[in-house]
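K.L.:
Mind looking over this structure? Questions follow.
The values are calculated or read from the model by the stated rules, or taken from the named source; none is laboratory data. Bear in mind the structure is a predicted one, so any value in this text is a computation, not a measurement. So basically every Cβ, Gly included, is an ideal-geometry build from the backbone, and we count neighbours across all protein chains shown.
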Amino acid sequence: MSSGKKLRLRPTSWPLLALSLALASPVFAQQYPQYVQRVWETEDGLPLRRLFNSSMVQTQDGYLWIGTRVGLLRFDGMRFERFTANNTENLPDKSISTLFESGDGSLWISTWEGNLIRYRDRTFEPFLSADAHTPSPTYITAFFEDRHGTLWIATHRGVMRLVDGRFELVPVTDRLLVVESLLVEDDSTFWVSAGKDGVFKWQNGETTHFGSDDGLFSNFTVNIYRGEDERIWVEHPQGKISYIDPTGSRLSIPRIGPKSTPLPQKGLVRASMALSRTFPISSP
């Protein structure tokens, strides 16, 4: 680690850093002169000029981790350190798809090849490995930690949860589900956005399906989120939105256009939210 003075960044300032890394736009500086803008490029050690489809998380120790197609990056405020299969034991491939920090401080790293690695106590530990004998790898699309500290993962083979140090499959239906997004309420209830198969609610071992016949825009879904109003918001391609209202005796699923109604304040329309919010950087 560099011995020089580190930048002290508020946790909420990292989305601004991500935006700067990806766009490096002078327009931002002109429109928002009250904010500090610092852009890191390849000359500063960034291996790519643009970080499209990259995952990012700031861990409790203050490091910013970025998952890219050329490896795992760790940023300390001054320089980038890259971890790849060539220089890191137990990191099987370089293309990182999703990052997540659990409550115990562990960093969970999934790869495009279907591997899952845990980084804890400065050690990379393999947890799940891509199985060459199956038709497709267990690609992990999302992580979720419930209020009891149980870690859940959404994969292209269904939903899994960590029990006694091992991941176990939670049967949602009797067929393979490609799960794009996961919302866990507790040990007995969770919702999944299942790509072209709509939305499923699993409760106490029983499954309820919601699709276009029930009022969703379409069966194609990409994200799911519970709003402060307790509605289950569902994101579809092309920015279309549906929501499921579970508060009444019957479920109501109005169809909502992308601009016709206010959306939840976070987590649903990811690109739009990322581009519409700015965050100040604290003084050193």
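K.L.:
Check region 202-213 and report whether any residue there is under 21 Å from residue 146 (Cβ atoms) and surrounded by 15 or more Cβ atoms within 10 Å (Cβ to Cβ).
P.N.:
Yes, region 202-213 has at least one match.
K.L.:
Can I ask one more? Counting residues that are not assigned by TED's automatic domain parsing to the domain that holds residue 85, which strands (runs of 3 or more DSSP E) fully inside region 114-223 reach at least 1?
P.N.:
140-145, 151-155, 158-163, 166-170, 181-186, 189-193, 199-203, 206-210
K.L.:
With (1) modelled with pLDDT of 85 or more; (2) surrounded by fewer than 17 Cβ atoms within 10 Å (Cβ to Cβ); (3) not β-branched (Val, Ile, Thr) as the list, and residue 67 as the residue in question, which single condition is left unmet?
P.N.:
Failed condition: (2).
Residues checked against (1) closer than 28 Å to residue 102 by Cβ; (2) surrounded by fewer than 16 Cβ atoms within 10 Å (Cβ to Cβ):
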| residue | (1), (2) |
| --- | --- |
| 171 | yes, yes |
| 174 | no, yes |
| 179 | yes, no |
| 184 | yes, no |
| 187 | yes, yes |
| 227 | yes, yes |
| 243 | no, no |
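K.L.:
Could you list all residues from region 162-206 that are within 15 Å of residue 140 (Cβ to Cβ) and among the polar types (S, T, N, Q)?
P.N.:
Listed by number, the residues that qualify are 181, 193.
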